[in-house]
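The values are calculated or read from the model by the stated rules, or taken from the named source; none is laboratory data. These numbers come from a predicted model, not from an experiment. Here the Cβ positions follow ideal geometry from the backbone for every residue, glycine too, while neighbour counts run over all protein chains shown. Please note that ligands, DNA and RNA were not included when accessible areas were found on the heavy atoms of the full protein model with its side chains. Shrake-Rupley method; radii C 1.70, N 1.55, O 1.52, S 1.80 Å.
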Amino acid sequence: MSGTFVGMPAFPRAAREAVRNPTLRGNLRHATHTIREKRARAVAELDDWAALREAGKQIKDHTLRHLDRYLVQVEEAVTAAGGTVHWAADADEANAIVTRLVRETGESEVVKVKSMATQEIGLNEALEAAGIHAYETDLAELIVQLGKDRPSHILVPAIHRNRGEIRDIFRSEMGEWGRPAPEGLTDTPAELAEAARLHLREKFLRAKVGISGANFVVAETGTLVVVESEGNGRMCLTLPETLISVVGIEKIVPRWQDLEVFLQTLPRSSTAERMNPYTSMWTGTTHEDGPRTFHLVLLDNGRTDTLADEVGRQALRCIRCSACLNVCPVYERAGGHAYGSVYPGPIGAILSPQLRGTGSEIDASLPYASSLCGACYEVCPVAIDIPEVLVHLRERVVQGGPAVRGGNRVVLKPAKGHAAERAAMRAAQWAFTHPGALRTGQRLASRTRRLHPRTLPGPGRAWSGSRDLPAVPAEPFRDWWQRTHGGKDGAK
């Protein structure tokens, strides 16, 4: 993945700084509560929501099991429709391909549809290094770009900004990127949106190259689908002469019919709408309409490695709705920047460590960025069991073990800083496999319970600082059972 966030501290330190920012916490609390309540009402309108959720899960799992076949089918269908398919094993290769394609057009600027994949690989930075200016056209992405900031949410990248901050960014920065903000711009939403529309209009009409991602790619027809709410995507996908789409290989669905499921679940889970205001679909090129040249860059960048993990692969079902972020108590308080990745929140805590590996301090910390409350699983429209994957990745961080990296089977070393945890788990394993020792320990703990401290010493203080230590009962359950039931399982 991109090195955009290299240098970020591990999640605990980054989150500790974030929770001290009252403005950030207020912005996040207001936005996430509003979105989650609207989503709940939109989902409640459908009697068959559970069936749609299960259908989405099954479609995604089927596709991932047969991804090799569907990838070939996509290439054949796109090529037959007049497009060109490129394969990118990692971020560097994808950036090199896109940079070369833009240079071949002779252009030095591009307009972009909001795309997580291009953020993941750091495409804007790569194009800038090659002398090519990339202009974000989604309103929230525009705010982030003008503010020299980083996205903090999958659906609403500028969720950490309030209207006053956005007004100040527009006033001070728009003129450096093109048409300046209108004189006397206020922080009313209508005026901010109009300022963005005027600023972007000249770019839409001038740009010869557009860059996009895709929400879905239909294997049987080679059709790409982008859903959005502002119309900027439609402009980027139809006005330029050349269109380059960078798409993760997990975005494939087998049939056109499968879109019926996702075009119901995605808008309700993301923007709480019954359907997206703009759903754009294109298949190759035509002489009558749209770009004359179309390139599809299929991106791996750790996805095949993730697919090899039988537990962790369910993260590839994700349709980027961001519902898990809006219900997560950790995200609500820490914000997206603390995750050190373009994929924040619960889904980022399981996706980033798999795409990038757990070798860095921040990636090793992400599986712990959760309370394991399970709210993320309850709202996921494709039933990703995020808590299960979090626990699975925590085991990988602490214990190490077999994994696939770069297409090769390797044995990962345990991450640093978890020696005490490993020792505790090994001690627990030994005790649970030796009933006599367990029984003795339980009795000793019960008889000395008046002497137990209320907080843990040493490193354990971090855990007990915000939790009450469980009270030890007066006698172990085994002794109580023996005393009250005489050891007879059938006694009443």
Quiz item: Is it the case that region 88-105 has a residue that's open to solvent by 20 Å² or more (accessible area, probe 1.4 Å) and either in contact with a Pro (Cβ under 7 Å, 6 or more places away or on another chain) or aromatic (Phe, Trp, Tyr) (or both)?
Solution: no
Quiz item: What do you reckon, is Ser229 within 25 Å of Ile384 (Cβ to Cβ) and in contact (Cβ under 8 Å) with a residue 60 or more places away in the chain?
Solution: no
Quiz prompt | Selected residue (criterion: nearest to Leu24 (Cα to Cα)) from residues of region 307-326 that are aliphatic (A, V, I, L, M) and open to solvent by less than 30 Å² (accessible area, probe 1.4 Å) | solution = Leu325
Practice problem: Could you pull out the residue among Gly374, Gly348, Gly357, Gly401 that is in contact with a Ser or Thr (Cβ under 6 Å, 6 or more places away or on another chain) and open to solvent by less than 70 Å² (accessible area, probe 1.4 Å)? | Solution: Gly348
Quiz item: Of all residues in region 399-426 being closer than 15 Å to Gln354 by Cα and aliphatic (A, V, I, L, M), which is modelled with the lowest pLDDT?
Solution: Ala415
Quiz item: Does Thr271 meet the test of being among the polar types (S, T, N, Q) and in contact with a strand residue (DSSP E or B) (Cβ under 7 Å, 6 or more places away or on another chain)?
Solution: no
Practice problem: Might you let me know whether region 171-181 holds any residue that is surrounded by fewer than 17 Cβ atoms within 10 Å (Cβ to Cβ) and among the aromatic types (Phe, Trp, Tyr)? | Solution: yes
Self-check item: For Glu109: the one exception among (1) modelled with pLDDT under 95; (2) within 21 Å of Val226 (Cβ to Cβ); (3) open to solvent by 10 Å² or more (accessible area, probe 1.4 Å)
Solution: (1)
Quiz item: Quick one: which of Arg39, Arg69 is modelled with pLDDT of 95 or more and surrounded by 13 or more Cβ atoms within 10 Å (Cβ to Cβ)?
Solution: Arg39
Self-check item: Selection from region 179-190 of residues that are within 31 Å of the chain's Cα centre (by Cα) and touching a residue at least 12 places away in the same chain (Cβ under 8 Å)
Solution: Asp187, Thr188, Pro189
Practice problem: Select, from Glu260, Glu273, the only residue that is free of Cβ contacts under 8 Å to residues at least 12 places away in the same chain and of a type outside the set (Phe, Trp, Tyr). | Solution: Glu260
Practice problem: Note down all Cβ pairs under 7 Å where the first residue falls in region 448-463 and is touching a residue at least 12 places away in the same chain (Cβ under 8 Å) and β-branched (Val, Ile, Thr), the second is assigned to a helix (DSSP H, G or I) and surrounded by 10 or more Cβ atoms within 10 Å (Cβ to Cβ), and they're at least six residues apart or on different chains. | Solution: Thr455/Arg461; Thr455/Ser464
Quiz item: Within region 450-466, how many residues are open to solvent by less than 100 Å² (accessible area, probe 1.4 Å) and in a helix (DSSP H, G or I)?
Solution: 4
Quiz item: Could you give every pair whose Cβ atoms fall below 6 Å, whose first residue belongs to region 86-106 and is without any contact (Cβ under 8 Å) to a residue 40 or more places away in the chain, and whose second residue is surrounded by fewer than 18 Cβ atoms within 10 Å (Cβ to Cβ), counting only separations of at least 6 or pairs across chains?
Solution: Thr99/Ala130
Quiz item: Is at least one residue of region 242-258 among the hydrophobic types (A, V, I, L, M, F, W, C), at pLDDT below 95, under 28 Å from Arg39 (Cβ atoms) and open to solvent by 10 Å² or more (accessible area, probe 1.4 Å)?
Solution: no
Exercise. Inspect all residues belonging to region 3-12 and state whether any of them is of a type in the set (S, T, N, Q), within 28 Å of Arg274 (Cα to Cα) and surrounded by 14 or more Cβ atoms within 10 Å (Cβ to Cβ).
Key: no
Quiz item: Quick check: is even one residue across region 256-272 in a loop (DSSP other than H, G, I, E, B) and under 30 Å from Ala308 (Cβ atoms)?
Solution: no
Practice problem: Test each condition in (1) modelled with pLDDT of 95 or more; (2) surrounded by fewer than 17 Cβ atoms within 10 Å (Cβ to Cβ); (3) touching an Asp or Glu at 6+ places or on another chain (Cβ under 9 Å) for Leu146 and report the one that comes out false. | Solution: (2)
Quiz item: Is it the case that Ile362 is open to solvent by less than 10 Å² (accessible area, probe 1.4 Å), assigned to a helix (DSSP H, G or I) and in contact with a Gly (Cβ under 8 Å, 6 or more places away or on another chain)?
Solution: no
Exercise. Considering only region 283-306, state which residues are open to solvent by 30 Å² or more (accessible area, probe 1.4 Å) and not in a loop (DSSP other than H, G, I, E, B).
Key: Thr283, Thr293, Thr304
